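Participant: For reference, the structure I am asking about is given below.
The values are calculated or read from the model by the stated rules, or taken from the named source; none is laboratory data. Keep in mind that this is a model prediction, so the values were computed, not measured. Note: ideal-geometry Cβ built from the backbone for every residue, glycine included; neighbour counts use all protein chains shown.
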Amino acid sequence: MDDEASEAAPSADHREDALLLEAARRDRQAFGLLYDRYVDQIYHYVHRRVGETAVAEDLTAEVWERALGAIERYEDRGAPFSAWLYRIAGNVVANHYRQQRLRRLLPLISQGNAHDPRAEVDDRSVVRQALRALSASDQEVLSLHYYAGLTPAEMARVLECAPSVVHKRLQRARERLRARIEGDSRVGR
């Protein structure tokens, strides 16, 4: 019952974000307050998805450029402002990986050896490789839950679907990740 009441009434953060958003629409300087409030969360989410600091910094900057460019069109639909930012970040990361795949397909653009035989495979790299092998949808749901720390209810707002759908997607993504990791670990032995 408390969950229903808390979902019905906007939180203090949500109200504060709404005020900051209105100010940011009139004064671009006010957008900096939203940036200060969420930049670290968005950066950590992006970094966990791409695994490289320089790339994460570039992609995080792109997220904020897109957010600034679209602030006039932002509509408060009851979800936190951060949900909108995570959605933009997810799209930016997906575009990044699409561009990487295209570069690999074009021989003139591809860059050297992607595999270094001297590199040791540790647990983190196995998980990272298994994650990258999953669909963008699976990567997104796992990243929102484990890296961004969102609850299924918060994820439902970000993904614009029912919490029951989030639970199913999360369960299936975990199963596919486990299968990838187990498959990868069997190959290495």
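Participant: Just give me the residues in the stretch 62-97 being assigned to a helix (DSSP H, G or I) and more than 15 Å from the chain's Cα centre (by Cα), in sequence order.
Facilitator: Pass one, the stretch 62-97, residues assigned to a helix (DSSP H, G or I): 62-73, 81-97.
Those that are assigned to a helix (DSSP H, G or I) and more than 15 Å from the chain's Cα centre (by Cα): GLU65, LEU68, GLY69, ALA70, ILE71, GLU72, ARG73.
Participant: Could you grab the pairs with beta carbons closer than 7 Å, sequence gap of 6+ or different chains, first residue in the stretch 167-189 and surrounded by fewer than 13 Cβ atoms within 10 Å (Cβ to Cβ), second one at pLDDT below 85?
Facilitator: GLY188/VAL121
Participant: Sticking with this one: What pairs come out if I take residues in the stretch 36-48 that are outside the structural domain of ALA83 (by TED's automatic domain parsing) and assigned to a helix (DSSP H, G or I) and pair them with residues that are surrounded by 19 or more Cβ atoms within 10 Å (Cβ to Cβ) and modelled with pLDDT of 95 or more whose C-beta lies under 9 Å away, six or more apart or interchain?
Facilitator: none
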